[in-house]
2 protein chains.
Amino acid sequence: MPVTIEDLSNKLGVSRSTVSKALNDRGDVSSQTKERVTQAARELGYQPSAAARSLRRQRTDKIGLVVNYPIYRVSDFLAELIPGMATVAEEAAYNLILYTSLAGKTQGIKSLCRSREVDGIIIAWPQQLNQTVALSRLMTAEEMPHIFLPRRLPHAGLSYVATDHVQGARLLTEHLIALGHRRIGFQRLPEVYETDHDRHAGYVEALRAAGIDYDPSLVLAADSSEVDYESKSFYAFLTLPQPPTAILFFTDPMAIRALSLAREQRIRVPDDLSVAGYDGVLSSAVTAPALTTVRQPAPEIGKLAVESLLQLIAIGGGEPLQHTLPVELIARDSTGMNPRARV
Amino acid sequence: MPVTIEDLSNKLGVSRSTVSKALNDRGDVSSQTKERVTQAARELGYQPSAAARSLRRQRTDKIGLVVNYPIYRVSDFLAELIPGMATVAEEAAYNLILYTSLAGKTQGIKSLCRSREVDGIIIAWPQQLNQTVALSRLMTAEEMPHIFLPRRLPHAGLSYVATDHVQGARLLTEHLIALGHRRIGFQRLPEVYETDHDRHAGYVEALRAAGIDYDPSLVLAADSSEVDYESKSFYAFLTLPQPPTAILFFTDPMAIRALSLAREQRIRVPDDLSVAGYDGVLSSAVTAPALTTVRQPAPEIGKLAVESLLQLIAIGGGEPLQHTLPVELIARDSTGMNPRARV
DNA sequence: CACGTTTACGAAATCGATTTCGACATTGTG
DNA sequence: CACAATGTCGAAATCGATTTCGTAAACGTG
């Protein structure tokens, strides 16, 4: 059995309250007693019970991270988010609890709030906008500070750390247009996620600015419910009556998969087909050919998300916190001149 | 304020004990009252306070994962461990708490044990064997179930989920020998980690079996305390009086870094130099050239680690649990015939 | 009908801290 | 010296659950 505050107070012949006040530097304690208590605590290796302290203080010093690993191969990006988050949290004496099976489960989030297991929640990759708003309302009602990741939410009152997905997709599309591409495939998601919506808007903007007609047949939805949807998704583009000369995939891992499928099919990238991803995960730099992508700065996003959440926890709600971090086009070798434009 | 058990009992006109017993299916409660309580709990959205429950039950339903992200670029492997762990844990109604700044800090681990924040601990990538043993003793003294990852520990009483690093290194070395290499560089770590020790033993075994003399000048230690130690480490091999024709790196990311350094130096892989990694992380499959490596099955290791830990928690100590999972040589394109042997 | 059993419930203790508030001792002041 | 101000400490309440144990009511049996 670990030593409790009672053991300490017995040994020292002082009351529990005095011990507590001495160790927490609160209330009136003479400097001598404080010294004695501190000394004895060190000797006995006393560590307050987290549960007892949480119960009394009504705070846990833990924050929850709700993620959805398997969805559309975003796991790399999520993985790169975590070390930064944990580091910042631990510097502030908080810990990170992972919740991987709560995504989309309103009831689960509600239980999490009510059980008061955490002092705040970071939600990465959630639902459609109306669901996000509903979720936020729910958490607000439970007085649970929370932050959404990593997209802007066109809705007052939501706190988020985001990047500009409109701009990201626009940068990629412009890059391809500059390389002479006119038929650019765009992979989107079956559900109306905000990220998806934003990127589609950026894609459309870039086309319009270049005077290229928007061809809806070039915009295909992935469907993660299918078996091996990555390859299905890739072939769907290739078997189009007029296939694209370049394809924008939703995430780097999707694009990377496309790279190896292309090799199997003896399609040369970028000579026959240009391929781009999104996120700028570490592995995108080492593929053959190296992947063109847009980088969302995962470590900074993670850091800022935790910092913001801690702020919300400290001031207890108040103004929503909205941060947008810059994205960066990383043009590498998987995109090249449009072969037809060359002729 | 969330609704408490007191609110529930007031509303129903029964005692708190009855409510608790009804909801936990414990003790004597008539089926009618149980029904009424359950019903009311649902309506009010009652969720027991985690802190109060933990305090009373003396368990938290959480397990701690202690990792050391930056060390020798093992972060990819760690990242691939996590989803499996979290999934298994959550299926058993446990959650995962991440501790990234505790590695090597005995005092920190002790505090973690004494605060009773978690019911068990998984330690991934720790210290030297004697430190590991000391750590284990400490945790045992605190009655804290724990598991080490991911190497065998030649010491009775330690629970671990491991792979056979001797065999892994032997497989790689044999593979290179079969390709005609005689001078094989081996990257080892400055500290005497068990993994390092085992792999070195496997390397030596394979050399001996092939009748190749062990040349200590081919065995170089990386030193993560240096700036950009990855490239330092790579060049150290190249600038040897008699440089190796093949190099075994300690992790895939190290080898991947070597791949791009080689490209910068116009050294062709595998024509001029063969390069191999270790771990078999996902990105090792997509590099140019694709990396030869030994795969440690991260998802299975993660799953098994949590399963074992839960077992230790359930039976409360008892026999140590020791599992060894198979490794697999994945020969890809970064290793090839020894250019000198060819001549 | 008397008496032992069973059933259903609640009062109170408990887990281990923190915090409030009152009591006592000490010191300072006129 | 009387009294107010100050400094230290501890008793007790509290946080929100779970669990033990006692009791009263309902039931069955000879």
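The values are calculated or read from the model by the stated rules, or taken from the named source; none is laboratory data. All figures in this text were calculated on a predicted structure; none of them were measured in a lab. Positions of Cβ are generated from backbone atoms using ideal geometry, with glycine treated the same way; all protein chains shown enter the neighbour counts. Side chains are part of the model used for accessible areas, which takes the heavy atoms of the whole protein and leaves out ligands, DNA and RNA. Shrake-Rupley method; radii C 1.70, N 1.55, O 1.52, S 1.80 Å.
Data for the structure
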item	result
Filter result for the condition that a residue is within 25 Å of B:ILE109 (Cα to Cα), open to solvent by 20 Å² or more (accessible area, probe 1.4 Å) and touching a Pro at 6+ places or on another chain (Cβ under 8 Å), over A:GLN47, A:GLN58, A:GLN39	A:GLN47
Tally, over segment A:104-123, of residues that are out of contact with any Lys or Arg (no Cβ under 6 Å at 6 or more places or on another chain), touching a residue at least 24 places away in the same chain (Cβ under 8 Å) and more than 8 Å from every other protein chain (Cβ to nearest Cβ)	8
Residue within segment A:270-292 that is surrounded by 15 or more Cβ atoms within 10 Å (Cβ to Cβ) and on the phi > 0 side of the Ramachandran plot present	yes
Residue count, segment A:224-239 (criterion: surrounded by 14 or more Cβ atoms within 10 Å (Cβ to Cβ), touching a helix residue (DSSP H, G or I) at 6+ places or on another chain (Cβ under 7 Å) and without any contact (Cβ under 8 Å) to a residue 40 or more places away in the chain)	2
Among the candidates B:LEU12, B:LEU65, B:LEU55, residue that is of a type in the set (A, V, I, L, M), under 26 Å from B:MET139 (Cβ atoms) and near DNA strand C (Cβ under 9 Å from one of its atoms)	B:LEU55
Positions within segment B:235-271 being in contact with a strand residue (DSSP E or B) (Cβ under 9 Å, 6 or more places away or on another chain), among the β-branched types (Val, Ile, Thr) and either more than 10 Å from chain A (Cβ to nearest Cβ) or part of a loop (DSSP other than H, G, I, E, B) (or both), in sequence order	B:THR245, B:ILE247, B:THR251, B:VAL269
Condition check for B:THR106: away from DNA strand C (no atom under 16 Å from the Cβ), open to solvent by 50 Å² or more (accessible area, probe 1.4 Å), at pLDDT below 95 and outside the structural domain of B:SER284 (by TED's automatic domain parsing)	yes
Check on A:ALA52, open to solvent by 20 Å² or more (accessible area, probe 1.4 Å) and small (Gly, Ala, Ser)	yes
Candidate set: segment B:43-59, residues that are at the interface with another protein chain (Cβ under 7 Å from one of its Cβ atoms) and among the hydroxyl-bearing types (Ser, Thr, Tyr); chosen: the one farthest from B:ASP119 (Cα to Cα)	B:SER49
Residues of segment A:173-190 classified as at pLDDT below 95 and more than 18 Å from the chain's Cα centre (by Cα), total	2
Residue in segment B:205-222 that is modelled with pLDDT under 95, closer than 28 Å to B:ILE122 by Cα, open to solvent by 10 Å² or more (accessible area, probe 1.4 Å) and within 28 Å of the chain's Cα centre (by Cα) present	yes
Whichever residue in segment B:62-81 is more than 7 Å from every other protein chain (Cβ to nearest Cβ) and among the aliphatic types (A, V, I, L, M) and, among such residues, is farthest from the chain's Cα centre (by Cα)	B:ILE63
B:SER101 vs. criteria free of Cβ contacts under 8 Å to residues at least 24 places away in the same chain, of a type outside the set (Lys, Arg), in contact with a Gly (Cβ under 9 Å, 6 or more places away or on another chain) and not assigned by TED's automatic domain parsing to the domain that holds B:PHE250	yes
Residue within segment B:51-62 that is farther than 30 Å from B:ILE121 by Cα and not in a helix (DSSP H, G or I) present	no
Residue list for segment B:1-31, restricted to those being more than 6 Å from DNA strand D (Cβ to nearest atom), without any contact (Cβ under 8 Å) to a residue 12 or more places away in the chain and surrounded by 14 or more Cβ atoms within 10 Å (Cβ to Cβ)	B:SER9, B:VAL29
Lone unmet requirement of (1) away from DNA strand C (no atom under 16 Å from the Cβ); (2) on the phi < 0 side of the Ramachandran plot; (3) within 11 Å of chain A (Cβ to nearest Cβ); (4) open to solvent by less than 30 Å² (accessible area, probe 1.4 Å) for B:THR87	(4)
Single residue of segment A:272-289 satisfying the filter (among the aliphatic types (A, V, I, L, M) and in contact with a strand residue (DSSP E or B) (Cβ under 9 Å, 6 or more places away or on another chain)) that is nearest to A:ARG170 (Cα to Cα)	A:ALA276
Segment B:293-308 - residue that is closer than 12 Å to B:ALA86 by Cα and within 14 Å of another protein chain (Cβ to nearest Cβ) and, of those, surrounded by the fewest Cβ atoms within 10 Å (Cβ to Cβ)	B:PRO299
Which numbered condition A:ILE97 misses (of (1) modelled with pLDDT of 90 or more; (2) within 23 Å of B:GLU91 (Cα to Cα); (3) more than 7 Å from chain B (Cβ to nearest Cβ))	(3)
Given (1) in a helix (DSSP H, G or I); (2) of a type outside the set (Ser, Thr, Tyr); (3) more than 42 Å from the chain's Cα centre (by Cα); (4) within 16 Å of DNA strand C (Cβ to nearest atom), number of the condition B:GLU43 does not satisfy	(4)
Meets criteria (touching a helix residue (DSSP H, G or I) at 6+ places or on another chain (Cβ under 9 Å) and outside the structural domain of A:ARG151 (by TED's automatic domain parsing)) for A:LEU304	no
